[in-house]
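Structure record follows, encoded as structure tokens.
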Amino acid sequence: MSIREVGLRDGLQSIATTLPTELKLAWLRDAHAAGLREIEVGSFVPARLLPQLADTAELVAFAQTLPGLVVSVLVPNLKGALRAIDSDADAMLLPLSASHAHSLANLRKAPDDVVREIGEIVAARDAAGSRCRIEIGISTAFGCTIQGHVEPAEVLRLLRTVLDLGVDRVGLADTVGYADPKAVGELFAQGREIAGDRLTCGHFHDTRGLGMANAFAAWQAGVRGFDASLAGIGGCPHAPGASGNVATEDLAYLFESMGEPTGLDFDALVALRGRLAGWLQGVPLHGALWRAGLPRTMRAAS
């Protein structure tokens, strides 16, 4: 079971506060100490668009000093991908929206135009001899606040298309919290028929309280990798209503309670959450484990 921490990117991009670099470095160091072994440290986007993420290159360089850590970044286009390659990041995540309307709002391109650029990115990565993993996150896979309904057939078409281009991994994202466990189980099962083990990630928002149930449904469909954000912060600036990723500490508890090891230290995660609350005063934080604590049964087992 693998949980990728995305709070430093997905969490911080959606709030007005710009966290100082030294606090981000402390977050990285403490998240690694808590057992997280893949962290999305930022995004190579123009600083004028997301000043909160302007120090991504510095964070990549620091994260590379942490032993055993997979350092990933989000990139919106070829220019960002080239920066990721130059930084020697271990992995880049490219968003591809299944919603035409969201794609235009987020990237100013239609989905098929994004697909063509993904092909250019794969070619550029290969030409550079880079080992940077390319992962496509198919966003708004379960619906969109701008467009409304998104056809599952369109999600599966895009999934098949990017795999044919030679990307390494794909994931499905409930960007705006429209998914339900039944839809999640069905779409991930259909996606795995196409992608097999290359469909590696579920990305869920808890906008309507179903984030954990949806993660469980994806796990039942065979997915063993998930995105999560410390204290459940996060959202997409170009998707109205896209609040709150599933909380890292709560998602880890879900799986550990079922006997699925995550390698994460709950005390360290909750302590880090407390520090984050001090750093982001006035920003709503979410989650349940920090309040309730671990049950005595799990304490005894450990």
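Laboratory data are not the source of any read-out in this text; all were calculated from the coordinates shown. Predicted model, so just to flag it, every value in this text is computed and none were measured. Counting neighbours? That spans all protein chains shown, and the Cβs are built from the backbone with ideal geometry, glycine included.
In order along segment 21-30, the phi-based Karplus estimate (6.51 cos²θ - 1.76 cosθ + 1.60, θ = phi - 60°) of 3J(HN,Hα) comes to 4, 5, 6, 5, 5, 5, 4, 4, 4, 6 Hz; Gly and Pro are listed as x.
Note on the chain: antiparallel DSSP beta bridges, both residues inside, total approximately 5 percent of the bridges counted. Counting only residues at least eight positions apart within a chain, or on another chain, the aspartates and glutamates with an alpha carbon under 13 Å from that of Lys79 are Glu117, Glu120. Shown in residue order for segment 262-273 are the 3J(HN,Hα) couplings computed by the Karplus curve 6.51 cos²θ - 1.76 cosθ + 1.60 at θ = phi - 60°: 10, x, 9, 9, 5, 4, 5, 5, 5, 5, 5, 4 Hz (x for Gly and Pro). When you count the other C-beta atoms within 10 angstrom of each residue and take the mean per peptide, 13-23, 267-277 line up highest first as 267-277, 13-23. Put simply, the amide H of Arg4, placed in the peptide plane, has neighbours under 5 Å in Phe226, Asp227, Ala228, leaving out anything fewer than 5 places away on its chain. Where a ≥ b ≥ c are the square roots of the eigenvalues of the C-alpha gyration tensor, would you call segment 5-87 rounded, which needs a/c under 1.5, or, failing that, prolate if a/b is larger than b/c, or oblate? Here segment 5-87 falls in the oblate category. Extending 7 Å from the Cα toward the beta-carbon at both Ala110 and Val70 defines two label points whose distance is 3.4 nm. All other residues whose Cβ lies under 9 angstrom from that of Phe142 are scored, Lys and Arg at +1 and Asp and Glu at -1, for a net of -2.
Might you report the magnitude of the Cβ-based charge dipole of the chain about its Cα centre, with Lys and Arg at +1 and Asp and Glu at -1, to the nearest 20 debye?
Here the size comes out at about 280 debye.
Of the peptides 139-151, 244-256, 190-202, the ranking by mean beta-carbon count within 10 Å, highest at the top, reads 244-256, 139-151, 190-202.
Mind ordering 120-132, 68-80 by average Cβ neighbours within 10 Å, highest first? Don't jump to the answer; show the numbers that get you there.
Working: 120-132: 15.0, 68-80: 20.0.
So the peptides 120-132, 68-80, ranked by packing, come out 68-80, 120-132.
Between the amide H of Val70 and those of Glu38, Ile39, distances stay under 5 Å, these residues lying 5 or more places away or on another chain, with hydrogens modeled in the peptide plane.
Applying the Karplus relation 6.51 cos²θ - 1.76 cosθ + 1.60 with θ = phi - 60° to segment 253-260 yields 3J(HN,Hα) values of 5, 3, 6, 5, 5, 9, x, 9 Hz, where x marks Gly and Pro.
Modelled this way, with points 7 Å down the Cα-to-C-beta line, the labels at Leu23 and Arg48 are 2.7 nm from one another. Between Ala153 and Glu186, the contour length at 0.36 nm per residue exceeds the Cα-Cα span by 10.7 nm.
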